[in-house]
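Structure first, then comments.
The values are calculated or read from the model by the stated rules, or taken from the named source; none is laboratory data. No experiment lies behind these values; they were computed from the predicted model shown. Cβ sites come from the backbone with ideal geometry, for glycine too, and all protein chains shown count toward neighbours. Protein only, heavy atoms only, side chains kept; ligands, DNA and RNA dropped before computing areas. Shrake-Rupley method; radii C 1.70, N 1.55, O 1.52, S 1.80 Å.
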Amino acid sequence: MKNTLFGKDILSTRNITKDEASSIFRRADELREIVQTKGSTDILRGKILTALFYEPSSRTYASFISAMQRLGGGIIPLNGMTNTSVAKGETLEDTIHVFDSYGDCIVMRHPEVGTSVKAAVYAKGPVVNAGDGTGEHPTQALLDVYTIRRHFPSLQGTTVTLVGDLLNGRTVHSLIMLLALYTPSRINLVSPNELRMPEEYVAYVQKTGIRVSQTDILNDVVSTTDVLYATRVQKERFSDVKVYERLKHRYVITRDTMKLLKKDTILMHPLPRVGEISPDIDGDPRALYLREQVPNGMYVRMAVLSLILKK
Ligand code: NCD
């Protein structure tokens, strides 16, 4: 089968087909096996990845770096731009031209929505959006759906609940559109009124026939949920810190919440958490954020890099 991901920019889950997602997930399974038996491979030997991170990151940054190195490739690691010419006022266009000529692909995180789309116009090599402000985070959604499908191979008939800051959280924007390919029966959107999912994403999934419910009361939907996906209220997007303080702990998943969930429901979070999930439930077999999402992030990013950089 032709690899349609070769040379492709990964900017939004809107542009990822179900076949492409399947080939990423299959490749992630193969690479997991290789990492667990041999640690690394050399399929990207001679290729170089530039990590261009204008905004803080732990997991996304480190998992891309680790992914590239386990594939035998090289890295230009820039986590924070204060030591680069960006601090001198260099334009995005010039920055992209430079790294595009030193490396083979650019993985970019930036505080403004749409910056990776602009970067992709300037770059000849593929660009991966590793988070653009309140926009999207497509590789997080890929690792999230990969993780979900290891528990629910078919999402048909399931109910997925997204809770937290659905307005500013980019992970849930990418996730809801990728989930639409797998047609769960229902998606519940739980948020304070001020932090509701933007209408464009709601309309996008409703078009596929998935039922979408919006509420601000988590306890109304937990007992019928199969996948509970919690998110952090995105402090850095608030102009009024008082509003953030009022909303930040509106939803906290505790042992009491876990008692209401079904036995096979899975609990996820993209991390970092800042109080949304009580650490005393980390050992619950349904809690996947540390045990599964974190390692899966590396396998899925290895899969993405190997497919975009090699025919
Ligand atoms: C997320 C992000 O940066 O959007 N983190 C991550 O990449 N796993 C979620 C967040 O910061 O809340």
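Of all residues in region 98-118, exactly one satisfies the criterion of being part of a loop (DSSP other than H, G, I, E, B), free of Cβ contacts under 8 Å to residues at least 24 places away in the same chain and touching a Ser or Thr at 6+ places or on another chain (Cβ under 9 Å), namely V113. Annotation: of all residues in region 211-228 being out of contact with any strand residue (DSSP E or B) (no Cβ under 6 Å at 6 or more places or on another chain) and hydrophobic (A, V, I, L, M, F, W, C), the one that is farthest from L178 (Cα to Cα) is I217. Among residues of region 256-276 being among the charged types (D, E, K, R) and within 11 Å of the ligand (Cβ to nearest atom), the one that is most open to solvent (accessible area, probe 1.4 Å) is R273. Just the residues that are assigned to a loop (DSSP other than H, G, I, E, B) and away from the ligand (no atom under 16 Å from the Cβ), please, taken from region 60-85. Selection gives L71, G72, G73, M81, T82, N83, T84. C105 fulfils the conditions (1) on the phi < 0 side of the Ramachandran plot; (2) more than 16 Å from the ligand (Cβ to nearest atom); (3) outside the structural domain of A303 (by TED's automatic domain parsing) except for a single criterion, (3).
Per-residue answers, yes or no, for (1) open to solvent by 40 Å² or more (accessible area, probe 1.4 Å); (2) within 15 Å of the ligand (Cβ to nearest atom); (3) in contact (Cβ under 8 Å) with a residue 12 or more places away in the chain; (4) hydroxyl-bearing (S, T, Y):
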site: Q206; (1), (2), (3), (4): yes, no, no, no
site: S223; (1), (2), (3), (4): yes, no, yes, yes
site: Y229; (1), (2), (3), (4): no, yes, yes, yes
site: K242; (1), (2), (3), (4): yes, no, no, no
site: S278; (1), (2), (3), (4): no, no, yes, yes
site: Y289; (1), (2), (3), (4): no, yes, yes, yes
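Residues that are small (G, A, S) and outside any helix (DSSP H, G or I) were ranked within region 188-243; the one that is nearest to I148 (Cα to Cα) is A230. Considering region 65-93, the residues that are touching a Ser or Thr at 6+ places or on another chain (Cβ under 8 Å) and free of Cβ contacts under 8 Å to residues at least 24 places away in the same chain include one that is nearest to T41 (Cα to Cα), namely T84.
Condition check ((1) open to solvent by 30 Å² or more (accessible area, probe 1.4 Å); (2) of a type outside the set (F, W, Y); (3) closer than 21 Å to E136 by Cβ; (4) at pLDDT below 95) across all residues:
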position: M81; (1), (2), (3), (4): no, yes, yes, yes
position: A87; (1), (2), (3), (4): yes, yes, no, yes
position: L92; (1), (2), (3), (4): yes, yes, yes, no
position: S101; (1), (2), (3), (4): yes, yes, no, no
position: P111; (1), (2), (3), (4): yes, yes, yes, no
position: S116; (1), (2), (3), (4): no, yes, yes, no
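Within region 7-42, the set of residues being open to solvent by less than 30 Å² (accessible area, probe 1.4 Å), of a type in the set (G, A, S) and touching a residue at least 40 places away in the same chain (Cβ under 8 Å) comprises S12, A21, S23, A28.
Quick check on region 122-181: of everything there that is in a strand (DSSP E or B) and within 16 Å of the ligand (Cβ to nearest atom), which residue is farthest from the chain's Cα centre (by Cα)? Out of the qualifying residues, it is V163. Per this entry, N193 is counted among residues that are polar (S, T, N, Q) and more than 20 Å from the chain's Cα centre (by Cα).
Taking every residue in region 250-264 that is touching a residue at least 12 places away in the same chain (Cβ under 8 Å) and pairing it with any residue that is of a type in the set (S, T, Y) and open to solvent by 50 Å² or more (accessible area, probe 1.4 Å), at least 6 positions away or on another chain, the pairs with Cβ-Cβ distances below 8 Å are L260/S223; L261/S223; K262/S223.
Only one of the numbered conditions (1) within 16 Å of the ligand (Cβ to nearest atom); (2) open to solvent by 20 Å² or more (accessible area, probe 1.4 Å); (3) on the phi > 0 side of the Ramachandran plot is violated by P198, and that is (3). Just one of the listed residues (Q293, Q234) is within 18 Å of the chain's Cα centre (by Cα) and more than 24 Å from L181 (Cα to Cα), namely Q234. Residue check: S57 meets all listed conditions (1) of a type outside the set (A, V, I, L, M); (2) within 25 Å of K235 (Cα to Cα); (3) in a loop (DSSP other than H, G, I, E, B); (4) touching a helix residue (DSSP H, G or I) at 6+ places or on another chain (Cβ under 8 Å) but one, namely (4).
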